[in-house]
1. I'm checking my understanding of the structure. Among residues of segment 82-100 that are more than 11 Å from the ligand (Cβ to nearest atom) and not aromatic (Phe, Trp, Tyr), which one is nearest to the chain's Cα centre (by Cα)?
2. Checking residue 259 against (1) under 30 Å from residue 36 (Cα atoms); (2) of a type outside the set (Asp, Glu); (3) touching a residue at least 60 places away in the same chain (Cβ under 8 Å), which test does it fail?
3. When residues of segment 303-340 are filtered for being surrounded by 15 or more Cβ atoms within 10 Å (Cβ to Cβ) and either closer than 13 Å to residue 114 by Cα or of a type outside the set (Gly, Ala, Ser) (or both), how many remain?
4. Being more than 14 Å from the ligand (Cβ to nearest atom) and closer than 14 Å to residue 159 by Cα is the filter here, so list the residues in segment 206-237 that pass it.
5. Right, residue 150: away from the ligand (no atom under 13 Å from the Cβ), farther than 19 Å from residue 228 by Cα and not basic (Lys, Arg) or not?
6. Note down all Cβ pairs under 9 Å where the first residue falls in segment 3-30 and is over 16 Å from residue 83 (Cα atoms), the second is assigned to a loop (DSSP other than H, G, I, E, B) and acidic (Asp, Glu), and they're at least six residues apart or on different chains.
7. For segment 114-126, which positions are surrounded by 19 or more Cβ atoms within 10 Å (Cβ to Cβ) and either away from the ligand (no atom under 13 Å from the Cβ) or in a loop (DSSP other than H, G, I, E, B) (or both)?
8. Is it fair to say residue 77 is in contact (Cβ under 8 Å) with a residue 24 or more places away in the chain and outside the structural domain of residue 289 (by TED's automatic domain parsing)?
Amino acid sequence: MTFANTFLNIQKYLPITGDINLKTPIAYKATRGAARVINAAQMALGEAYVNGLEIPDSVYRSLINSSMPLLFQHCPSLLAPYEWVLNETDHIAEGSRELMKVQYDLPQAMLNQMLGDWKLIYPKYSMGLWERGAVDLEESQKHMIDQVIERLEIKDGDNILDFGCGWGCVANYILSKFPNVRFTGLNLSHEQCEYMRRKMQDPESYLSSGRFTLYEGDLNDAQFAEKFDKILSIGVFEHVGNLTNAFQKLASLLKSGGRVFIHIITARIPNNMSSGFTHKYIFPHGRYWNYDAIPNHNQDLKTISQWYINGINYHKTLTDWLRRFDDHQESIKHLDYSMDYAKFRRIWRFYLLMLGTIFATCDGEYNGNGQYLLVHT
Ligand SMILES: C[S@@+](CC[C@H](N)C(=O)[O-])C[C@H]1O[C@@H](n2cnc3c(N)ncnc32)[C@H](O)[C@@H]1O
């Protein structure tokens, strides 16, 4: 028996450290108990911050910078606060209406200021790609979509579905590059759909070209009269709890030989993870699939390529969102958040600071973004 085998054998009896999937039942239970303690500590800090505790950003960042490498490298199973995060849920996406209320249908003026809203690049709520030398957020988002075009091998004439299309940013940019591409966008957020409907009437927008079709509806119920050459889904599978069912659905929407491109936040640890704080205040039912979760669900779709994108790219994106959020306080503080604005601001600062910092820990090697190219099996 090799040293590595002996170590794995011993590790299955040890709680807290290593891969939770290999634990004996007792070590598993003890590890889950410890995860609850870590989660409670994170929540207590978050709630205290929301309720007015003054923590300078620099102190908060150093707290994360010192604790997260330990968790990522030695105790990854403590990063899954809920049992359901480790397994698949009943539906493709759970609690979608609640998610829209808590997050995506918030005052759009706030989200649009934070994410940026330009002539070609509409608000885009996902990672910008900075490693190709982007000088600002707008350029990082163009570079990100350029990379999607390359990796999904988009060709003029393709009929493409954007599964969770946000404000139509990716569609608008790709339609501007390819005069014969057709795009369909699916999104449950009424407010984001209203944004796209206005763009569909605006002669300056490529969404008004007659080549863009919008469906306001839930991923769970997605059905279309036609099949697609390509499907892309960017920053949406964090809301998908059942990969098996989601891939079955996507496969049914694809032409034979068609391809699917998925971009998600991911963690290079053995299990899926989540955050109690973001689950309560920002993304109900949200989770990060571990880097191998998608290729491990090869029933209806098979992964033919996968790429890890270093977390520094998302760190820079989130840092810019936080700066923009802070810079626009005067214009966004009077909007209706269904709660006191000071509390809302603190919730969002905690979220943006926490996420922005975590993606930079361990030089971005553990917590980053994953991209996957899949075909019909
Ligand atoms: C993080 S945003 C990403 C949007 C866009 N792909 C982008 O990169 O900017 C997630 C998007 O998924 C949509 N979404 C989340 N859950 C959904 C559901 N169950 N049905 C339809 N759309 C959903 C949200 O409204 C939002 O537009």
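The values are calculated or read from the model by the stated rules, or taken from the named source; none is laboratory data. Model, not experiment: these values are computed from the prediction. Cβ coordinates were reconstructed from backbone atoms using ideal geometry, including for glycine residues, and neighbour counts include every protein chain displayed.
1. Applying the first criterion (more than 11 Å from the ligand (Cβ to nearest atom)) to segment 82-100 yields 82-90.
From what's left, not aromatic (Phe, Trp, Tyr): 83, 85-90.
Numbers: 83: 20, 85: 15, 86: 17, 87: 18, 88: 17, 89: 17, 90: 20 Å.
Across segment 82-100, the extreme among qualifying residues is 85.
2. Single failed check for residue 259: (1).
3. Final tally of qualifying residues: 21.
4. Matches in segment 206-237: 210, 211, 212, 213, 225, 226, 227, 228, 229, 230.
5. On the way: away from the ligand (no atom under 13 Å from the Cβ): yes; farther than 19 Å from residue 228 by Cα: no; not basic (Lys, Arg): yes.
Criteria not met by residue 150.
6. Listed by first residue and then by second, the contacts come to 8/19; 11/19; 12/19.
7. To start, the set of residues in segment 114-126 that are surrounded by 19 or more Cβ atoms within 10 Å (Cβ to Cβ) comprises 114-116, 121-126.
The answer is 116, 121, 122, 123, 124, 125, 126.
8. Details: in contact (Cβ under 8 Å) with a residue 24 or more places away in the chain: yes; outside the structural domain of residue 289 (by TED's automatic domain parsing): yes.
Yes: the conditions hold for residue 77.
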